[in-house]
Structures are given as structure tokens and as C-alpha cells.
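In what follows, a single structure is set out as C-alpha cells and then discussed.
Please treat every number below as a calculation from the coordinates, not as lab data. Note that the coordinates shown come from a computational prediction; the quantities given were computed from them, not determined experimentally. Virtual Cβ from ideal backbone geometry, glycine too; neighbours counted across all protein chains shown.
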Amino acid sequence: MSNEIKEQEIQEQQAEAIETQDQAQLDPGTTVKAGDIVEGKVVKIEDNQVFVDIGYKYDGIIPIRELSALHLENAAAAVEWNQTVTVKVISINDNKEQLILSKRAVDSERAWEDLQVKFDNREVFEVTVSDVVKGGLVVDLGVRAFIPASMVERHFVEDFSDYKGKKLRVRIKELDREGGKVILSQKDVLDEEYEQHKKQVLSSLKEGDIIEGTVQRLTSFGAFVDVGGIDGLVHISEMDYKHVEHPSEVVKEGDKVKVKILKVNPETEKISLSIKAAKPGPWELAADQFKIGEIVTGTVRRLVSFGAFVEVAPGVEGLVHISQISHRHIGTPHEVLKEGQEVKVKILDMNIAEKRISLSIKETEEAPPAPPKQEKSARYAKDINNNENVSLNNQGLSLTLGERFGDKLNELKK
């Protein structure tokens, strides 16, 4: 056989191979059947369907209902042009050149397998909220998943309208493949992380430390303050040095405040805080605020048998001894004073360390003129008579004033 004949045979064999390859590319339908999983590229997107080139002699169609497990208003919400997608062949009709595909079927099959693994391992994973519906949030995981409103956050959320498109970290709460039910929870994840964080914070807090916190909420008995992610209580008695009827008189929600840690109980996980102990006390301020000899205005807070307690600054009370209330003799402070009354007082002495201030009301007033001598003598005689039964002990002898000075008293009475 000549070389020319051999070369001609080789060319004919190559041409036949090329023709066979081309035929296979032109008519690959013999290798595609219903149920097959294939890959293709999105070549056209219409409102209610998507055209996909899977290398077949004509493009396949994904109806909008087969694009996603969720309800879609427009096919463009699920895919993009030229995107590679994995689809399942639903049906083939070459006579009508109709090839029906499903992306949802593939996504769903893969999703259930993946979700089962996540559920078994209690895995935490990130999802994107696809839609907000009555009662919660919807997520597309290849299958429709639901987050009930009570399982979204640790706190109550009134309006979820801004949650669409938001990323959440969730765990599978319930998985039912037969019933097609997937329930997710972000709250479980947040609760678990909060408990771990709380233990760390509790172990780091030291009694006596002064730290900054944020007022979270107010109650009639105090304020709850966030200190590092957990709440501690400032009792109403620890709000201020002055008397406080309600915490709102001192703080409001959202305020940044300095607090002193009074007590930490890891077992009960309770933290006692104080706002007033975190700032200088009124007695500390009094050292610079008041001077001995100074006259200031105060308020009578309490009346006792031996005098009156007058508040000269919030949390700072001084004593006006009964002898310093009036220039005239009084038997009880109630004769001239009443609680809540505003008075002028002179500072006689101060002992900041012992939290004591001695005050005087009478030294802020001009002393009345001395009575005439005759009036004074008559008053003196009257006082003597009133006290003539007072016993005097002198060198073991007990005599009354009347017995000792009877004659002189009678002369004064004349």
C-alpha cells in the first residue's frame, strides 16, 4: 500500500472521529434523562422562569416555583445571569423541545442532609433573613426555615420590619424532614453566650472597685445597671446621699454612671452596686464647703429633747444644742422650732472625721436687752421660791434653800 493511500485513510478516520464528536455535541439528549443532576449556566431570566444551558440541543427551563423553597415574586430574586447552577432534570419532551429543570429539588435534597448534620452536632451557623412574616422570620436554607418571634432575640422585639436581609447566628431547634419543618433559634445561641460571658464577668468583678456602667431599667426599688454585659442592682438607698423617692430623680435609662461594687455573689449571680459610694461623700465635700464661724442656711430635719438636727447640705446634718436655740430659756425645742423649718445657723465647731458639726441659732440673732434690776430681782426671787425644795449637800448636811435663806427671801418679796 502506497504512502498516499495510507495518508488518505488516516484523514478519513480523523474526519469520521470529528463528525462523531460533533454529532455527540449536537445531540447529547441520549445521555440526559429525567432524574439526572446536571450543571448549567443561566442564559436568560424572565419574570416567572429562567433559561439554563446544560449543553443539550436546546435550553432547559426552570419555572419560578422550582427556583426556591420560598415564594418568589420574580425569578431574578433567586439567580443572576451567567450564574452556574446545579439542577435536576424533571422532564424532557424533544418533540416540543421542552426540557424542565428544578433548582429547588437539588437544593432541598442537599439542604436536608446538611441540616441533619448541623442538628446532630448542635452547630451554630449564620443565615440571612429572606422575609418577615406574621409571627417571625423566614430563612431560605434550600428548604424553608422559620424563626419564631420569641426565638429571635433575648429581649422583646415589637417590630421586625428592619430584619429582612439581616444576618443572624442560629441553631436548629426542631427538624422534621417528613413534615418539611425546620425551626431555628437565635435566642438559644445568645442565651448560651450570655451565661458564659456572665461567669467570666462575675469572676472579674472585685468588691470595692469603682467602674462605669449603663442604666438599663428603673424600678420603684432601684436601678439595674449594665456592668460589662450583665446587670447589677443599685438599691434606692444607694442612689444618693440625700433621700430619694424614686430612682428617676437621680438617673434615667441609658445614662452612663460610675458605680462602686458593694457585693458580688457568684452563686446567686447577683451584684450589688452603689452610685453614691462612687462619688465624694457630703462630709468630704463639707470640709471645703464650710468654715467655723460661718453663718449658713439650713433645714430642721429632726427635733429631740436635747436639741435640733439641722441639714446644712444634702447628707450633712449638724446639732443645735437646746442651749443654742434661743436666748431665752426653753424647756423643749418644739417651743420655737418645727421640722422642715428653714433657719440661719452659725458653725461653732466641725469634726469631719467623726461627721459632727456643732451649730447655733441664737448666735445668728441679736441678744435681747437685759431686764431692769428690780425686774431681775423679782424674777430671781420667784425662781428661788420655785426651787426652795432643791436639796444641797454640803459637808454631809442637807438643807433646803428656804431653810437657809428664808429671811432674805421674805425681804425680797416685800
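³J(HN,Hα) across region 145-150 via Karplus (A = 6.51, B = -1.76, C = 1.60, θ = phi - 60°), whole Hz, x for Gly/Pro?
Once rounded to whole Hz, the list reads 10, 10, 10, x, 4, 6.
Could you tell me which trypsin sites (Lys or Arg not before Pro) in region 195-292 are loop residues by DSSP with no more than 11 other beta carbons within 10 angstrom of their beta carbon? Please report the intermediate quantities before stating the final value.
Working: sites: 198, 199, 206, 217, 242, 252, 256, 258, 260, 263, 270, 276, 291; in loops: 206, 242, 252, 291.
For trypsin sites (Lys or Arg not before Pro) across region 195-292 that sit outside H, G, I, E and B with at most 11 neighbouring Cβ atoms in 10 Å, the list reads 206, 252, 291.
Students often forget the sequence filter, so: which lysines lie under 23 Å Cα-Cα from residue 166 once same-chain residues fewer than 8 apart are removed?
Within reach: 118, 134, 181, 187.
Under a crude label model (7 Å from the Cα following the beta-carbon direction), how far is residue 166 from residue 321 in nanometres?
6.9
Please name whichever of 124, 141, 160 sits farthest to the positive end of the charge dipole of region 122-190, dipole taken about the Cα centre and charges placed at Cβ: Lys and Arg +1, Asp and Glu -1.
With unit charges placed on the Cβ atoms, the residue in question is 124.
Going by how many other Cβ atoms sit within 10 Å of their own, how do 57, 118 line up, fewest first? All intermediate terms of the calculation are to be shown ahead of the outcome.
Numbers: 57 13, 118 16.
By the 10 Å Cβ count, ascending, the order reads 57, 118.
For residue 96, go through the lysines and keep the ones whose alpha-carbon is under 28 Å away, minus same-chain ones fewer than eight residues off.
Partners within reach: 33, 41, 44, 57, 88.
Can you sort 128, 364 so the residue with the fewest Cβ neighbours within 10 Å comes first? All intermediate terms of the calculation are to be shown ahead of the outcome.
Numbers: 128 12, 364 15.
Ordered from fewest to most neighbouring Cβ atoms within 10 Å, 128, 364 come out as 128, 364.
Suppose the Debye formula is applied to equal point scatterers at every Cα of region 122-190; what is log10 I(q)/I(0) at q = 0.28, 0.29 Å⁻¹?
Each listed q corresponds, in turn, to -1.46, -1.54.
Note the count of lysine pairs whose C-alpha atoms are less than 19 angstrom apart in region 209-278, limited to pairs 8 or more residues apart or on different chains.
So the count of such lysine pairs works out to 12.
How far apart, in nm, are two points set 7 Å out from the Cα along the Cα-to-Cβ line at residue 80 and at residue 341?
Placing both labels 7 Å beyond Cα along the Cβ direction yields 8.5 nm.
Using 7 Å Cα-to-Cβ label points, what is the residue 362/residue 193 separation (nm, one decimal)?
7.2
Return the lysines within reach of residue 362: Cα separation strictly under 22 angstrom, same-chain partners fewer than 8 residues apart disregarded; answer none if there are no such residues.
Result set, ordered by chain and number: 291, 338, 344, 346, 376.
Give the calculated FRET efficiency between residue 270 and residue 294 to the nearest 0.05, with a Förster radius of 30 Å applied to their Cβ-Cβ distance. Mind showing how you got there, number by number?
Working: r = 45 Å, r/R0 = 1.48.
Using R0 = 30 Å, I get an efficiency of 0.10.
Mind checking Rg over Rh on region 209-278, alpha carbons, Kirkwood formula for Rh? Provide the component values of the computation, followed by the final result.
Details: Rg = 10.9 Å, Rh = 11.7 Å.
Checking Rg against Rh, the ratio lands at 0.93.
Which Cα, out of 348, 324, 336, lies furthest along the positive dipole direction of region 282-364 (beta carbon charges, K/R +1, D/E -1)?
Positive-end residue among those listed: 336.
By counting other Cβ atoms within 10 Å of each Cβ, how are 171, 110, 328 ranked from fewest to most?
Numbers: 171 19, 110 15, 328 10.
So the residues, fewest neighbours to most, are 328, 110, 171.
Is there a quick way to get the dipole size of region 122-190? I mean about its Cα centre, with the Cβ of Lys and Arg at +1 and of Asp and Glu at -1; what is the value in debye to the nearest 20?
Numbers: 13 positive and 12 negative charges, 28 e Å.
With only Lys, Arg, Asp and Glu charged at Cβ, the dipole is about 140 debye.
How much length would be gained if the chain were fully extended between residue 306 and residue 124, taking 0.36 nm per residue of separation minus their Cα-Cα distance, in nm to one decimal?
Numbers: separation 182, 0.36 × 182 = 65.52 nm, distance 7.15 nm.
Full extension of this stretch gives 58.4 nm more.
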